[in-house]
1. Do you know which residues across region 1-56 are over 21 Å from Ile75 (Cα atoms) and small (Gly, Ala, Ser)?
2. Write out, first by first residue and then by second, each pair whose Cβ atoms fall under 6 Å of each other, whose residues are 6+ apart or on separate chains, and whose first residue, in region 1-14, is touching a residue at least 40 places away in the same chain (Cβ under 8 Å) while the second is surrounded by 15 or more Cβ atoms within 10 Å (Cβ to Cβ) and among the charged types (D, E, K, R).
Amino acid sequence: MPRFYPSIYTYPIPWALSGKDKCKAQMNTKALKSSYVTQLDVFVRNMHDRQATGIPTGPETSRILAEVISVAIDIELQRLYDLPYPAPPNQHARFRAAEAPARTHVHDRP
């Protein structure tokens, strides 16, 4: 897991949000280049000197992007292997439940 964020390429961001087939069909069109999904890809790349490898480690936005891409991968794998798609766990609620005790511990330190 320590290499998870650095191993995520940015080009799957539009694929995960709009669909790979749709993005490939609209490649090099003004509609795709001006879409929010492409702008998001460009924004994340610009945070790494215009490199498509890796997303920043730490910010909440990276957690969201990683989750979006991971869910898209899960959906594609389940489609390819004809697996039932389970209801996704409530990641946000689990994070918040773990965050409260951690914050209390940090603030209670002498």
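Just so it is clear, none of the values below were taken in a lab; they were calculated from the coordinates. This one's a predicted model, so the numbers in the text were calculated from it and none came from an experiment. Cβ placement follows ideal geometry from the backbone for every residue including glycine, while neighbour counts extend to all protein chains displayed.
1. Within region 1-56, Ala31, Ser34, Ser35, Ala52, Gly54 meet the criteria.
2. Thr10/Asp41; Thr10/Arg45; Ile13/Asp41
Yes/no matrix, rows are residues, columns are (1) in contact with a helix residue (DSSP H, G or I) (Cβ under 7 Å, 6 or more places away or on another chain); (2) surrounded by 15 or more Cβ atoms within 10 Å (Cβ to Cβ); (3) among the hydroxyl-bearing types (Ser, Thr, Tyr); (4) on the phi < 0 side of the Ramachandran plot:
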residue: Pro12; (1), (2), (3), (4): yes, yes, no, yes
residue: Lys20; (1), (2), (3), (4): no, no, no, yes
residue: Val37; (1), (2), (3), (4): yes, yes, no, yes
residue: Asn46; (1), (2), (3), (4): no, no, no, yes
residue: Gly58; (1), (2), (3), (4): no, no, no, no
residue: Ile69; (1), (2), (3), (4): yes, yes, no, yes
residue: Ile73; (1), (2), (3), (4): no, no, no, yes
